[in-house]
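Since the structure comes first, as structure tokens, the remarks are kept for the end.
The values are calculated or read from the model by the stated rules, or taken from the named source; none is laboratory data. All values derive from a computational prediction rather than experimental measurement. Backbone-built Cβ (ideal geometry, glycine too); neighbour counts: all protein chains shown.
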Amino acid sequence: MGWDDERVREHVQRLEGLLDGLDPGAHQAVQALVELYGEAFGRIVRLCADASELAGDELVGHLLAMHGVHPETPEARVRRALAGLEGFLAKHRTSVELTGVDGDTVRLRAATEGRAAAPRPVLDAVERAALAAAPELERVEIEAPVPEKVLITLDQVRSRA
């Protein structure tokens, strides 16, 4: 029986820990194996009539992206991830749009209704979703308005009373 996504994530974490402890020769062997798998994944994608079903699987999609053979662009995957956050963002009166991908960086613009800036946990969730959708990207830059400081004088307070 196949692994569920949680088991895959646990295995990836364990593997990352093991890779950190490898000597340089073993690390080169692993890198050569990864490159070979990347070539194999590329061939699989080219041979499939519709690779979108393959890419829709969390593990397979992640591997295809990491090997640069995902059938969708990082932009398309980040857009889909942002669309999946619409309900969450609406609860926080926040909207986020993709403004571009440059190298290993995705650029987003956040806007909020009724407040100067989106809460940090909301922006963190957006960042996690973008990187999960396009794991080949390494950075997320979110342009968000800087809260304006409003100075209220004592005279203004008195005039409202």
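Couple of notes before you dig in:
- The residues on offer are 126, 122, 157, and the sole one that is in a helix (DSSP H, G or I) and at pLDDT 95 or above is 126.
- Test result for residue 82, touching a residue at least 40 places away in the same chain (Cβ under 8 Å), touching a strand residue (DSSP E or B) at 6+ places or on another chain (Cβ under 7 Å) and assigned to a helix (DSSP H, G or I): yes
- With respect to (1) surrounded by 19 or more Cβ atoms within 10 Å (Cβ to Cβ); (2) among the hydrophobic types (A, V, I, L, M, F, W, C); (3) under 23 Å from residue 10 (Cβ atoms), the lone exception for residue 118 is condition (3).
- Selection count, region 67-84, where residues are buried (at least 18 other Cβ atoms within 10 Å of the Cβ) and within 12 Å of the chain's Cα centre (by Cα): 5
- Subset tally (residues that are closer than 19 Å to residue 139 by Cα and either touching a residue at least 40 places away in the same chain (Cβ under 8 Å) or exposed (fewer than 12 other Cβ atoms within 10 Å of the Cβ) (or both)) for region 101-115: 3
- Residues in region 129-154 that are among the acidic types (Asp, Glu) and either modelled with pLDDT of 85 or more or under 24 Å from the mean Cα position of the chain (by Cα) (or both): 136, 138, 141, 143.
- Qualifying residue in region 92-107 (condition: at pLDDT 85 or above, in a loop (DSSP other than H, G, I, E, B) and of a type in the set (A, V, I, L, M)): no
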